[in-house]
Amino acid sequence: MTIHNTSAARPWTQGPRATFDLETTGPNPRTARIVTASLILVGPDGTVLRHGEWLADPGVPIPEEAAAVHGISTEYAQEHGAPLKQVVYELASAIGGLFSDGVPIFAFNAVYDFTVLDRELRRFELPELAPFPVLDPLVFNKKVDKYHKGKRTLTNLCEEYGVVLDNAHTSAADCLATERLATAMTQKYPKLDLPAGELHEHQISWAKEQAADLQAYFDKIGKQTTVNGDWPVQPERERHT
């Protein structure tokens, strides 16, 4: 099924959009390997039009800490998962096709998921992906609710915005909840109801501003760390200031 997004100027809420989530072997997007992936296409009214899921054998042991989050053990992935290269190729092809059709893709903390996918493509010497347009409710929230109290996890924000999130930390549940959260957030903050390409460009600036604010805070309290503000993909090498 081909989606023709005929008006790049219309607000993203008026067209089809997709939502994407990964569960992996660890928190560092430069080294994490994909374990599960979900990609869901929804219509303008939020109806699910297409739903793809992948389970990979990452080729490395899945740490107990990661398995405790998403429920996939090394043994299960080895027995039931497809070869990781196959999963990466199929997933990137599906995502690339949506981008080519002008369909925006949502991801919560998108810089993590798209950096993981970028590094997997590089490892397997597969064609790189140019992620555009990407929409990230985490970046949205930091912009529209800068002084938000409490954690900004997907679970917490879904609760705050009245979005149902069952089976948190499964890629399928997190995936659909991300789109629902973005919709609820945009209903509350109509200034987010922009064309996807325009909103993507805004998020590049917002992510840099948000990183600069966090860096200033860390510098103030004496925490020695560098906050990367690149979005939606971190550079292959860390930038040092």
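Read the figures in this text as sums done on the coordinates, not as results from a lab. Just so it is clear, the model here is predicted, and its values are computed rather than measured. We place every Cβ from the backbone using ideal geometry, glycine too, and count neighbours over all the protein chains shown.
Some points to look at:
- Rg followed by Dmax, in Å, when the range 40-127 is reduced to its Cα trace: 14.5, 41
- Lysines with Cα under 21 Å of LYS143, excluding same-chain neighbours fewer than 8 positions away: LYS151, LYS188, LYS191, LYS208
- Full extension of the chain between SER73 and ASN167 gives 32.2 nm of extra length, using 0.36 nm per residue less the Cα-Cα distance.
- Taken about its Cα centre, the range 96-141 carries a charge dipole of roughly 80 debye when the Cβ of each Lys and Arg holds +1 and the Cβ of each Asp and Glu holds -1.
- About its Cα centre, the dipole of the chain is roughly 780 debye, where the only charges are +1 on Lys and Arg Cβ and -1 on Asp and Glu Cβ.
- Under Karplus coefficients 6.51, -1.76 and 1.60, residue-wise ³J(HN,Hα) of the range 75-82 in Hz, glycine/proline x: 5, 5, 5, 5, 7, 10, x, 7
- Relative contact order, percent, the chain [alpha-carbon distance under 8 Å, six or more residues apart]: 22 percent
- Size of electric dipole in the range 45-103: Cβ of Lys, Arg +1 and of Asp, Glu -1, about Cα centre, debye, nearest 20: 200 debye
- Considering all different alpha carbon pairs of the range 12-221, the Kirkwood hydrodynamic radius works out to 17.6 Å.
- DSSP beta bridges confined to the range 12-221 are antiparallel in about 70 percent of cases.
- For the chain, with +1 on Lys and Arg beta carbons and -1 on Asp and Glu, the positive-most of VAL227, SER73, ALA18 along the dipole: VAL227
- If R0 is 35 Å, the Cβ-Cβ spacing of GLN86 and ASP213 corresponds to a FRET efficiency of close to 0.30.
- GNM top mover of PHE108, PHE20, PHE99 - the chain, alpha-carbon springs below 10 Å: PHE99
- Of the trypsin sites (Lys or Arg not before Pro) found in the range 172-227, those in coil by DSSP whose Cβ has at most 11 other Cβ atoms within 10 Å are LYS223.
- For the range 83-176, applying the loop criterion from DSSP together with a ceiling of 15 other beta carbons within 10 Å to the GluC sites (Glu not before Pro) yields GLU125, GLU128.
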